[in-house]
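Let me begin by presenting the structure, written as structure tokens, before commenting on it.
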Amino acid sequence: MSETASVSRQLLSAPLPQIIERLGIAIAQAQSALDRNSIETAKAMAEAEVELGGETHNLISLGFTPTFYSFTEATVEAKLSFSMTETTEFGIEVGASVEGNVGFVVVAASVNVSYARKFSVSAEGMSSIAARLVSLPPPETLETLLRKISEPAPAPAPAPPAP
């Protein structure tokens, strides 16, 4: 089997399933981190107090909400181009000479044999990973709960008059 065929098979057996699996896991971990960040932001907004008109309000009660983000797509792109050449050269040179003088003859022969096997490999590669992120409103249940928690407690009812 030629070396060219062996190298070609190795280049074409790139671990594409592992690359896709790792991308999926990385996106899931990134999404989890984004969600945790949004929840921490909601907590900070609920605890941050602002005084307006002599009353204290937290940011949630003023209508602020944390931003949530979601990955909508991810793309892995890999391009590989390679060229390989294998050449074999075989050459034979044969030469003969005859010289003569009175009474004798000289015959000479020469044989030159050459063999060369040459390999040339050229490879280029490029890859990129792109992900698209969009902002989403907070989940409705979380938004309702945050507003409920941030509402001021009702003032206690006045005590009934004594008889």
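The values are calculated or read from the model by the stated rules, or taken from the named source; none is laboratory data. In this text, all values refer to a predicted model and were calculated from it rather than measured experimentally. Please note: Cβ atoms are built from the backbone with ideal geometry, for glycine as well, and neighbour counts cover all protein chains shown.
Summed over the range 63-88, residues that are surrounded by 12 or more Cβ atoms within 10 Å (Cβ to Cβ), at pLDDT 85 or above and within 18 Å of Arg132 (Cα to Cα) total 5.
Here Ala33 passes the criteria (1) of a type in the set (A, V, I, L, M); (2) farther than 30 Å from Ala123 by Cα; (3) without any contact (Cβ under 8 Å) to a residue 12 or more places away in the chain; (4) surrounded by 13 or more Cβ atoms within 10 Å (Cβ to Cβ) except the one numbered (4).
For the range 45-62, the set of residues classified as in contact (Cβ under 8 Å) with a residue 12 or more places away in the chain, of a type outside the set (S, T, N, Q) and either exposed (fewer than 12 other Cβ atoms within 10 Å of the Cβ) or assigned to a loop (DSSP other than H, G, I, E, B) (or both) consists of Leu59, Ile60, Leu62, listed by residue number. Against the criterion of being within 25 Å of Arg22 (Cβ to Cβ) and surrounded by fewer than 10 Cβ atoms within 10 Å (Cβ to Cβ), Ser128 qualifies.
Glu143 satisfies every condition listed in (1) at pLDDT below 80; (2) exposed (fewer than 11 other Cβ atoms within 10 Å of the Cβ); (3) within 16 Å of Thr67 (Cα to Cα) except (2). Go through the range 127-147 and report how many residues are in a loop (DSSP other than H, G, I, E, B) and in contact with a helix residue (DSSP H, G or I) (Cβ under 8 Å, 6 or more places away or on another chain). Going through the range 127-147 one residue at a time, the tally reaches 2. Within the range 63-80, how many residues are of a type in the set (Phe, Trp, Tyr) and either under 12 Å from Gly24 (Cα atoms) or free of Cβ contacts under 8 Å to residues at least 40 places away in the same chain (or both)? Summing the residues that are of a type in the set (Phe, Trp, Tyr) and either under 12 Å from Gly24 (Cα atoms) or free of Cβ contacts under 8 Å to residues at least 40 places away in the same chain (or both) in the range 63-80 gives 2.
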